[in-house]
Ligand SMILES: O=C(O)CCC(=O)C(=O)O
Ligand SMILES: [Fe+2]
């Protein structure tokens with residue numbers, strides 16, 4: 001059981017989703033039910049939308065952290081490109097971001113632990129060889145956008161699975177805008193950025209864009225990276 005966390009560690013990390021079947025106390029049904037559909041969807045369609053992935057309290061804590069750190073001036077205009085080639089181009093995207101690192105907050109660590117369960121399940125089932133997650137808070141001001149793009153850089157093909165969690169109120173409606181528009185082979189598909197929703201897709205396959213919203217739009221955007229070939 002190399003992937004089974006110690007019970008004490010597990011209890012502190014686990015908030016309701018878990019690929020660990022040997023956890024009868026915490027998951028009486030041996031429930032890995034939130035991870036299996038993601039994996040099935042990724043295989044079948046290349047993307048997956050889970051409307052109730054994050055617990056409400058965790059969503060609220062992460063949203064609060066994003067707002068507080070923004071008020072403290074910690075978020076910076078997002079750049080495009082990577083390494084030395086990074087530039088801020090507000091014609092392409094105009095969100096503000098802050099990279100999430102382990103050990104910054106209990107809520108952040110809880111989120112990273114949840115996503116690590118997902119990473120391990122993806123590796124177990126799909127042999128993707130995902131090694132790490134890079135992840136940032138993103139705050140789009142009202143009217144903010146990110147034009148149509150792919151999440152893979154020309155000179156770095158390690159980003160493999162994109163995973164975005166929305167930190168907005170659960171009462172976000174389609175008329176508030178801010179949809180993530182996925183450009184799928186059978187046409188565009190809009191995802192409403194409601195708090196608690198998780199969206200995953202294959203980074204090299206699905207072009208997407210963020211549409212302007214009428215209110216501030218909060219998220220945690222991340223990428224599971226595989227080792228360089
Ligand atoms: O926030 C979203 O819905 C997607 C953001 C995005 O596409 C990105 O940061 O690359
Ligand atoms: Fe993207």
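Quick notes
- Meets criteria (out of contact with any helix residue (DSSP H, G or I) (no Cβ under 8 Å at 6 or more places or on another chain), farther than 22 Å from residue 79 by Cα and crowded, with 19+ Cβ neighbours inside 10 Å) for residue 177: yes
- Selected residue (criterion: nearest to the chain's Cα centre (by Cα)) from residues of the stretch 146-167 that are more than 12 Å from ligand 2 (Cβ to nearest atom), surrounded by 13 or more Cβ atoms within 10 Å (Cβ to Cβ) and assigned to a loop (DSSP other than H, G, I, E, B): 167
- Among the criteria (1) away from ligand 2 (no atom under 16 Å from the Cβ); (2) in contact (Cβ under 8 Å) with a residue 24 or more places away in the chain; (3) under 25 Å from residue 212 (Cβ atoms), the one residue 139 does not fulfil is (1).
- Residue count for the stretch 159-178, restricted to those that are within 11 Å of ligand 1 (Cβ to nearest atom) and under 20 Å from residue 60 (Cα atoms): 7
- Test for residue 110: is it in a loop (DSSP other than H, G, I, E, B) and either within 27 Å of residue 58 (Cα to Cα) or within 17 Å of the chain's Cα centre (by Cα) (or both): no
- Among all residues of the stretch 182-196, there is at least one that is in contact with a helix residue (DSSP H, G or I) (Cβ under 6 Å, 6 or more places away or on another chain), at positive phi, touching a residue at least 60 places away in the same chain (Cβ under 8 Å) and away from ligand 2 (no atom under 16 Å from the Cβ).
- Breaking point among (1) under 16 Å from the mean Cα position of the chain (by Cα); (2) within 16 Å of ligand 1 (Cβ to nearest atom), for residue 56: (2)
- Candidates 190, 116, 109, filtered to the one that is within 21 Å of residue 37 (Cβ to Cβ) and more than 16 Å from ligand 1 (Cβ to nearest atom): 116
- The stretch 173-208: number of residues that are out of contact with any strand residue (DSSP E or B) (no Cβ under 8 Å at 6 or more places or on another chain) and part of a loop (DSSP other than H, G, I, E, B): 5
- Residues located in the stretch 204-219, provided they are under 23 Å from residue 35 (Cα atoms) and more than 9 Å from ligand 1 (Cβ to nearest atom): 204, 205, 206
- Top-ranked residue in the stretch 121-145 [being buried (at least 16 other Cβ atoms within 10 Å of the Cβ) and over 18 Å from residue 180 (Cβ atoms); ranked as farthest from ligand 1 (Cβ to nearest atom)]: 125
- Selection status of residue 89, over 16 Å from the mean Cα position of the chain (by Cα), surrounded by 18 or more Cβ atoms within 10 Å (Cβ to Cβ) and within 16 Å of ligand 2 (Cβ to nearest atom): no
Laboratory data are not the source of any read-out in this text; all were calculated from the coordinates shown. Note that the structure is a prediction, hence the values are computed from the model and not measured. When we count neighbours, we look across all protein chains shown, and the Cβ atoms used for this are built from the backbone with ideal geometry, even at glycine.
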